[in-house]
Amino acid sequence: MSPARVPVTHIEIPAIYCPIPFAVHPEHQQIKQRSLAFLERYGLLGDERRRAQAVGSNAAAAAVLCLPSGKTEVVQIGADLAAFGLAFDDDMAEWQGMSGRCALMAELMPRVVRTLEHPDSGLLDGLGSFADAYCDIARRYRAVAGPGTMTRWVTGHQNWWNGMLWELACMETGRMPDLNAYTYMRIGAVAGTTYMPLVEQLVDRAIPESEMLSPPTRALTEMASLLNGFHNDLFSCVVERANPNQDEGARPSPNLVEVLIQEDHLSLEVALQRAADYANRMMWLFLRLSEKTSQGGSRELRSYLDGLKAEVRGCISFHVEPQQTLRYMHFRATSPLAVQPRGTVTETPPPGVEEPLPIPTIRWWWDLL
């Protein structure tokens, strides 16, 4: 039974606060087609099941939504990176036992970082199609990035791999991180830090380093990444819990909703509501601090902050707009039924949205207002 004909049970996600308007890149169809061709070229589509996963996930849609005003070649890099990331994530799920995944990730990480710095370093040679595809992305980005942006690109990928390794370690040991630790983990693990240098490429001229390195700009860049992670958690948590193939008694993977369930002994419904409230309070801060930072900033900085807002909205659209992806729809093995989280966007700030979050590792963000 095809996804379009499968009866769907929708699980409602609490409303997401976001007054940023929807936008999509004008060449979105061509970019998405070329991204599938990229996966095909490197043999990452695999068998029919893997191909269906890639087509259904429609990962390149994230790039055309998050970078709606970007140069086509830069958006294409973002689309190929998103497609690579989800294909790699699906491949990791089929690796050997959890301890093997941690060991392999730990060995790959320094090789990846050096390859991003110097794509012809040879440290990923002979390691298969994923390594070859990663080298391709690294070479193309180096050709369009300036020195400062390139440094942030490498650091962003390092943060991504550090976050993934930390997540795997938690799953291997069976220990769910507390809210404070999870928040810092998620800034990197969601891979948003790999996308923010692409947002920099939206700006015609280099943003002054003094502005890029200022505390408000660093906070807003981290905030955009964490908003991506928290919004994703609202949807992915529902799908993971609907998975009938999960082993009896298996511990869930780190996720904001699961962290709140464990730490505060909440029901799923209450934890979803609280997680959405946390995301909405962060969105309020993101908008207020962005507005404050733009005042008196350079034209280039203002363009970058506008790009961050578009990126955050694009990530929300990828999850909320049902035509964008089937990745967050789960098909039950025991019956012809699909479970899909369904979200809505509100432009009205919910009550109490100005309250700081009780998370020490990001408390300094509110101090900048």
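Using a 1.4 Å probe on the protein heavy atoms, what percent of the accessible area of region 175-236 belongs to carbon and sulfur?
Numbers: 1020 of 1920 Å².
Exposed carbon and sulfur together represent 53 percent of the surface.
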Once exposed loop GluC sites (Glu not before Pro) are cut out (DSSP; at most 11 other Cβ, 10 Å), longest piece of the chain:
95-247
Heavy-atom surface of the chain, accessible at 1.4 Å and reported per residue (Å²)
44
If I model a spin label as a point 7 Å beyond the Cα along the Cα-Cβ vector, how far apart are those points for Gln29 and Glu354 in nm?
4.7
Using only Cα atoms, what Kirkwood radius does region 268-323 have, in angstroms?
12.9
Trypsin sites (Lys or Arg not before Pro) restricted to region 126-207 and DSSP loop, no more than 15 other C-beta within 10 Å
Arg175, Arg205
Please report the equivalent ellipsoid semi-axes of the chain, computed as sqrt(5 x eigenvalue) of the Cα gyration tensor, largest first, in whole Å.
28, 27, 21
Charges at C-beta only: +1 for Lys and Arg, -1 for Asp and Glu. How large is the resulting dipole of the chain about its Cα centre, in Debye rounded to 20?
540
Residue of Leu266, Leu226, Leu81 that the Gaussian network model of the chain assigns the largest fluctuation, springs spanning Cα pairs under 10 Å:
Leu266
Which residue fluctuates most in the GNM of the chain (Cα springs below 10 Å): Val270, Val154, Val320?
Val270
So how far, in whole Å, is the C-alpha centre of region 28-55 from the one of region 104-119?
24
Would you calculate the separation in nanometres between label points at Glu117 and Asp132, each defined as 7 Å from the Cα along the Cα-to-beta-carbon direction?
2.7
Spin-label point model (7 Å from Cα, Cβ direction): what's the Glu172 to Ala143 distance in nm?
3.7
Kindly provide the pair-distance distribution of region 150-249 built from C-alpha pairs, with 10 Å bins from 0 and whole-percent values in order of increasing distance.
14, 40, 29, 12, 4, 1
Just need the relative contact order of the chain here, percent rounded to a whole number, with Cα pairs under 8 Å and 6+ apart.
29
Virtual paramagnetic centre 7 Å along Cα→Cβ of Glu12, amide N under 18 Å, in region 261-281:
267-277
Enumerate the helices in the chain for which the Kyte-Doolittle hydropathy averages 0.5 or more and the C-alpha atoms extend at least 18 Å along the helix's axis, using complete DSSP H runs.
72-92
Of the residues Ile20, Ile359, Ile316, which exhibits the maximal mean-square fluctuation in a Gaussian network model of the chain defined by a 10 Å Cα contact cut-off?
Ile359
Once the dipole of region 23-169 is set up from charges on Cβ (+1 Lys and Arg, -1 Asp and Glu), the residue from the list Asn162, Thr72, Ala133 lying farthest towards its positive end is Thr72
Quote to one decimal, in nm, the extra length available between Glu269 and Val55 on full extension: 0.36 nm per residue of separation minus the C-alpha distance between them.
74.0 nm
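The values are calculated or read from the model by the stated rules, or taken from the named source; none is laboratory data. The shown structure was predicted, so the numbers you read here are calculated from the model rather than taken from an experiment. Methodologically, a virtual Cβ is constructed for each residue, glycine included, from the backbone with ideal geometry; neighbour enumeration extends over all protein chains shown. Surface accessibility is based on the protein's heavy atoms, side chains included, excluding ligands, DNA and RNA. Shrake-Rupley method; radii C 1.70, N 1.55, O 1.52, S 1.80 Å.
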